[in-house]
Structure formats: structure tokens, C-alpha cells
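For reference, the structure is listed below as C-alpha cells.
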Amino acid sequence: MTSGRSLLLIADIGGYTAYMGSHRMRLAHAEVNTGRLLEKVIRAVPDFDLIEIEGDAAFLARHADTVDESMVAQTLKAAVAMHRAFHLERQYVATNLCPCNGCTQANNLKLKFVVHVGEVATQTIRRRRKLVGIDVIQVHRMLKNPVDVPEYVLFSEEFYRTADAPLPGPVHEVSQDLEGIGPSRGYFVDVADLPAAQTPLPDPTLLGRVGRTLAVAASGVPYMLGRRRRTAYEQTRHAS
Ligand SMILES: [Zn+2]
């Protein structure tokens, strides 16, 4: 087990519970789509290591032996890159040719971020890196917060205070009572206020839309075929 200072970031898909719904086919497509969205988000920031996919969120980290004054600005830039990758893919998912709710309603999904810096211990179990420590708990607790805009980057006070230059958008303060940690202050930026996030996305290409349609088709396209395709589970049941 080694320990060191790390920058901890969670990119979390908002609106996920309502989106997942309960219908099985919608669920299958919703799962494929959220998987694709998270993959694009992770790929947008090669400087970060993926620690774990946690349902609708990606937990990322980066060594931060020296947290310099530009790190907050750099992290904000990384968040904008992830946000853009997410929305570009979301647009493709929502305009793919499948009419199910898991695809058409992807447009309601949002992306938000929480960021903290702290001392973490690294455990490698079966080649998988795992981060442990109170700061890992803290960054996760930060997801439950009173921020009332759909897409934001929320910094812990410890991290935010390292910035010495003003950020490219208005910063708002929030107070949180983090379970098991106590009262804590945070600072957030509304992604919609960031100039870099306002560049319009290119229109989806037909080829890209067809590609996304094929990606979900692997898990069944009942509405398009006019009948339900049997799942592997059902096929086994019929066979027995
Ligand atoms: Zn679908």
C-alpha cells in the first residue's frame, strides 16, 4: 500500500434514475447508452486515471504531489472537455434510429462534477487500483449537495483555496453537512456560465447515428422489428 496526494474527481450523470425506468428493453438500451456516455467522458481526459465506474458515475484520480495554483483552472478545463464529450455523444444517442425511451430520452441526461484533493492510500488488488482514505469518502459525500443547477463543477474548499487566479465564470459558495465528516464549505461553477462550454456542438452525422443505432441493437430492437426478440435467458427457458 502506497500513499500520496491525489486529485479526486467524480463525473456523475444526473437524471439517471428517472431515465432508467423499469421496462426491461428500455433498461437494456439505457445501460448501453450510459456505458457509452461514460466511456466518452473518461476518454476526454487522458491525464486522469479511471479508478472505478460506479453505476452512473466515473471516479477518476490524478497524482498531485505538487498542487500548484493553476490546478483548479486545469481541472475546470478537464471538466469542460468531459462535458463536451458527454453532450456530443448524448446528441448521437438521442438521435439514433431507435424509438425506445432509453434512447430518445437520453437528451434529459446531465453531467456534473465534484472535485477534491487529499491524501489517499493506494491498494492494488488483483491488478486493480483502489483508493482508500477519508478524502475518498469526502469526494463521494460531496455528490449529495444543495447545488440547484443541473450541471456544475463543485470544488471542495481545500482544493478551491489553492487557486490564485479568478475562474472564467461566477463562483458560488455552498455549505454542506457531509455525512460522517461534518460541516464543509464548497464552491461551484455552473457549467452553463463557462465560456468554453458555450461553443455549439457539431450536428450529428447520419453515419454516427447509424453507428449508435447498431450499438444499442445488440441488446435488442423490439419496437423496430415489430416483435420482441427473445433474450438469452428466455431462450434457455424455452429450451429447457
Ligand atoms: Zn433504444
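Restricting the range 145-165 to residues that are in a loop (DSSP other than H, G, I, E, B) and closer than 15 Å to His83 by Cα, the residue that is farthest from the chain's Cα centre (by Cα) is Val149.
In the range 95-104, how many residues are within 10 Å of the ligand (Cβ to nearest atom), open to solvent by less than 50 Å² (accessible area, probe 1.4 Å) and either small (Gly, Ala, Ser) or not in a helix (DSSP H, G or I) (or both)? Quick ask: steps written out before the conclusion?
Initial filter on the range 95-104 (within 10 Å of the ligand (Cβ to nearest atom)): 96-104.
Next, only the ones that are open to solvent by less than 50 Å² (accessible area, probe 1.4 Å) stay: 96, 98, 100, 102-103.
From the residues that got through so far, the ones that are either small (Gly, Ala, Ser) or not in a helix (DSSP H, G or I) (or both) too are 96, 98, 100, 102.
Going through the range 95-104 one residue at a time, the tally reaches 4.
Looking across the range 51-82 at every residue that is open to solvent by 50 Å² or more (accessible area, probe 1.4 Å) and assigned to a strand (DSSP E or B), the one that is nearest to Gly14 (Cα to Cα) is identified as Glu54.
What number of residues in the range 135-150 are open to solvent by 40 Å² or more (accessible area, probe 1.4 Å), farther than 29 Å from Gly4 by Cβ and either modelled with pLDDT of 95 or more or not acidic (Asp, Glu) (or both)?
The total comes to 2.
Suppose we keep only residues that are of a type in the set (Val, Ile, Thr) and within 17 Å of the chain's Cα centre (by Cα) within the range 96-140. Which one would you say is nearest to His83 (Cα to Cα)? Step by step, filter the range 96-140, then rank; the result is Val114. Taking (1) touching a Phe, Trp or Tyr at 6+ places or on another chain (Cβ under 9 Å); (2) among the hydrophobic types (A, V, I, L, M, F, W, C); (3) farther than 16 Å from Ala64 by Cβ; (4) at pLDDT below 95 in turn, Val153 satisfies each apart from (4). Here Leu109 does not qualify as within 16 Å of the ligand (Cβ to nearest atom) and open to solvent by 40 Å² or more (accessible area, probe 1.4 Å). In the range 148-164, the residues that are in contact (Cβ under 8 Å) with a residue 60 or more places away in the chain reach residues that are open to solvent by 80 Å² or more (accessible area, probe 1.4 Å) with C-beta atoms within less than 7 angstrom, at least six apart or across chains, in these pairs: Thr162/Glu69; Ala163/Glu69; Asp164/Glu69.
Is it true that Asp203 is among the acidic types (Asp, Glu) and open to solvent by 70 Å² or more (accessible area, probe 1.4 Å)? Working first, answer last.
Values: among the acidic types (Asp, Glu): yes; open to solvent by 70 Å² or more (accessible area, probe 1.4 Å): yes.
Yes: the conditions hold for Asp203.
The number of residues in the range 91-131 that are of a type outside the set (S, T, N, Q), over 30 Å from Gly211 (Cα atoms) and touching a residue at least 40 places away in the same chain (Cβ under 8 Å) comes to 11.
The values are calculated or read from the model by the stated rules, or taken from the named source; none is laboratory data. It should be emphasised that the depicted structure is a prediction, and the values quoted were computed from it without experimental measurement. Virtual Cβ from ideal backbone geometry, glycine too; neighbours counted across all protein chains shown. The area values use the complete protein model at the heavy-atom level, side chains included, leaving out ligands, DNA and RNA. Shrake-Rupley method; radii C 1.70, N 1.55, O 1.52, S 1.80 Å.
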